[in-house]
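Just below is one structure, and these are the notes that go with it.
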Amino acid sequence: KINFINNNEHSSRDKTFVTNEISAPNEANLHFHGMHIAGDDAMLIVRPGENYTYVIDVPIDHMPGTFWLHPHRHGSTSFQVGGGALA
């Protein structure tokens, strides 16, 4: 289990998604990059002040690899990852 808490403050930019623009800098979620697991929902939105508990079950026979965890909120992914939000 991972309890994801979005402690970001609300922003006047947290409005509607705008193509090619940072449109939701303080909204977030987690993406388990490279893993094929249930519960990885890149379209989930965790808004400022909200939390979400990810329940991830990695199968014993999951192929090995170099996996990483990062935000995947469309409109703010590069902004957040570039700022160091990754593992």
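The values are calculated or read from the model by the stated rules, or taken from the named source; none is laboratory data. Remember, predicted model here, so these are calculated numbers, not experimental data. Calculation scope for accessible area: heavy atoms of the full protein, side chains included, ligands and nucleic acids excluded. Shrake-Rupley method; radii C 1.70, N 1.55, O 1.52, S 1.80 Å.
Okay, here's what the table says:
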| quantity | calculated |
| --- | --- |
| Most mobile listed residue (P48, P64, P25) in the chain, GNM with C-alpha springs under 10 Å | P64 |
| Derived scalar couplings ³J(HN,Hα) [the stretch 53-64; Karplus, 6.51 cos²θ - 1.76 cosθ + 1.60; whole Hz; x for Gly, Pro] | 9, 7, 10, 10, 10, 8, x, 4, 9, 4, 5, x |
| Heavy atoms of F79 accessible to a 1.4 Å probe, total area in Å² rounded to 10 | 110 |
| Expected 222 nm ellipticity per residue - DSSP helices of 4 or more, -39500 (n - 2.57), all of the chain, to 500 | -1500 deg cm²/dmol |
| The chain - percent of accessible surface contributed by carbon and sulfur, probe 1.4 Å | 55 |
| Nearest-10 value in Å² for the accessible area of H10, using the 1.4 Å probe | 140 |
| Whole-number accessible area per residue in Å² for the chain, which is evaluated in the context of all protein chains at 1.4 Å | 67 |
